[in-house]
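Here is the structure we will look at, set down as C-alpha cells.
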Amino acid sequence: MDKVTEEQETIYIPRPKQKGVALISQDRLDWLEKYAKTEPGTLKHSIAAEHLMELGIIPEQGEKISTDEEYDKFWEQFK
C-alpha cells in the first residue's frame, strides 16, 4: 500500500465473481470526487479536470479515442 501513496500508483486486486478492488492515493481520489461532483463548465470542474489530465487519469480535452487500438491502449493504463 505504500506504493499507492509514495509513487501515485494504482494497484488493482482481482476478486472472484467479476469483481475487483482498486487502491489509489487519497490525492487522486479527492480530485476524482471533485471532478465527478462538480458541474461541467464550472471553474471547479475545469480545475479538477486539468489536474486529472496532469496526473494522466483522463485524456486531454479534445483528444478523441477513435480506433479500437487507441481505445484499448487508453484503458490499459488502468489495469
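Numerical summary
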item: 24 Å Cα cut-off, lysine pairs counted over the chain (separation 8 or more, or different chains); result: 14
item: Residue-wise HN-Hα coupling along the stretch 28-38, computed from phi with Karplus coefficients 6.51, -1.76, 1.60 (Hz; x: Gly, Pro); result: 4, 4, 4, 5, 5, 5, 4, 5, 6, 8, 9
item: Per-q log10 I(q)/I(0), the chain, q = 0.13, 0.19 Å⁻¹ (Debye; single scatterer per alpha-carbon; no solvent); result: -0.50, -0.98
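Read-outs throughout are calculated quantities, based only on the coordinates presented, and are distinct from any laboratory measurement. As the structure is a prediction and not an experimental result, all values here were calculated from the model.
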